[in-house]
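Take a look at the structure set out below.
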Amino acid sequence: MAKVIITTCSEYPHPTPSLEALLDGLRSEGAEAAHAPWKTTPLETFAQADAVLPLCCWDYHDDPKRFLDWIDALEATGARLFNPPSTLRWNFRKTYLLEMAAAGLSVPRTFHLGEANRSAIERMMKAEGWKTAVLKPVSGQSGNGVRKLGRAERETWPLNPDTPGEALLQEFQEDIAVLGETTLTFIDGVFSHAVRRVLKAGEWRANQQYGTTYERVEVSREVIDAARAYFGLLPQTPLYARIDGLVRPAGFMLMELELIEPYLYLEFDPGSAANLARALFQRLG
């Protein structure tokens, strides 16, 4: 019997509906499935499992180095992480968006600022002719640390002048408030289901803590094919992936490619959890 552990975090130590569905799916396929917080569980517990899925590590943003060290330590023990460590490390830094843009894929215009101070941000926004931009951490999750900056309010930007650090600066997508953000879940490279995040009135962030609601949606073959194209830069097909973006008449634009700890919305699609369990077992051999 295969032993599978899904990692959780301190804020959400108990299973979410999506995780509950996956645990049930794994057990129905004959696995011994459990969940445990990554920060406080002994490394040996994970190392002894046949597979470790970091699907609910939703607090790594407060200690990124610790999370990367955890991945390194698990890899050193021979533990089997899904997605694999190389994929997790690549996806950990949102600079992958620059690689996507260089490959001709549709992403918001994005710049990597080695030091995101006021003058650097203002200079870049002026050069691009942007009235509004989004500043986001190079590594982060769930909208933590993301800020919308208007050039007209530059004197009141909420920046830390002492430790500006690196960041990404993106062109703000004005129509996200109307379009919402569409998330496409893929299992072993095959499209599974789509969920649209409907933003709260007056909000621009598509995260739960900002009042977002969710609805199952159908998407066209063109959207699915466009989303799948973003896998082209990966050395191997991920076991699971969530592709978040804007569905426009002119095409699909990627906002983020989630390969570490995406909420997969498995509860929205009966059978998807069992599909993921079977795909995992195929990889375990």
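Results, tabulated for the structure shown:
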read-out	value
Farthest positive-ward along segment 157-278 dipole, Cα basis, beta-carbon charges - from P249, L276, F231	L276
Extended-chain gain in nm, criterion 0.36 nm per residue less alpha-carbon gap, D63 and D50	2.0 nm
V217 long-range amide H proximity, modeled H, under 5 Å	A194, V195, R196
Vicinal HN-Hα couplings computed from phi for segment 201-214 (Karplus, 6.51 cos²θ - 1.76 cosθ + 1.60; Hz; Gly/Pro x)	3, x, 9, 10, 9, 9, 10, 4, 5, 10, x, 5, 10, 10
Per-q log10 I(q)/I(0), segment 3-92, q = 0.11, 0.12, 0.17, 0.26 Å⁻¹ (Debye; single scatterer per alpha-carbon; no solvent)	-0.28, -0.33, -0.68, -1.49
Residue order, fewest to most surrounding Cβ atoms within 10 angstrom, among R27, R221	R221, R27
Structure-based [θ]222 nm, the chain - -39500 (n - 2.57) summed over DSSP H runs of at least 4, per residue, nearest 500	-8000 deg cm²/dmol
Approximate spin-label separation E20-E128, in nm, with each point projected 7 Å along Cα-to-Cβ	4.1
Check: the chain dipole with +1 on Lys, Arg Cβ and -1 on Asp, Glu Cβ, in debye	560
Reciprocal of mean inverse Cα separation for segment 110-171 (Kirkwood radius, Å)	11.6
Rg/Rg_globular for segment 66-165, with Rg_globular taken as 2.2 N^0.38 Å and Rg from C-alpha atoms	1.32
Compactness index (Cα Rg / 2.2 N^0.38 Å), the chain	1.02
A201-M1 FRET efficiency (beta carbon distance; Förster radius 41 Å; 0.05 resolution)	0.25
Average Cα contact separation per residue, segment 110-171, under 8 Å, 6 or more apart, as relative contact order %	54
The chain: relative contact order in percent, alpha carbon pairs under 8 Å with at least 6 residues between	20
Amide H partners (placed H, <5 Å) of A2, local residues excluded	E32
Extension reserve of the R278-T41 stretch, reckoned as 0.36 nm per residue once the Cα distance is removed	82.7 nm
Shape parameters for segment 155-285, alpha-carbon atoms, Rg then Dmax in Å	16.7, 58
Label-point gap, in nm, between E166 and R27 - each point 7 angstrom along Cα→Cβ	4.3
The chain: Lys pairs at Cα distance under 20 angstrom, eight or more positions apart or on different chains	11
Extension gain, A250 back to V178 (0.36 nm per residue minus Cα-Cα distance, nm)	24.4 nm
Computed magnitude of the charge dipole of segment 110-171 (debye, nearest 20; Cβ of K, R +1, Cβ of D, E -1)	200
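Rule-based calculations on the coordinates, nothing more; no lab input. Given the structure is predicted, the values throughout are model-derived calculations rather than measurements. Cβ: placed from backbone, ideal geometry, glycine included. Neighbour counts: every protein chain shown.
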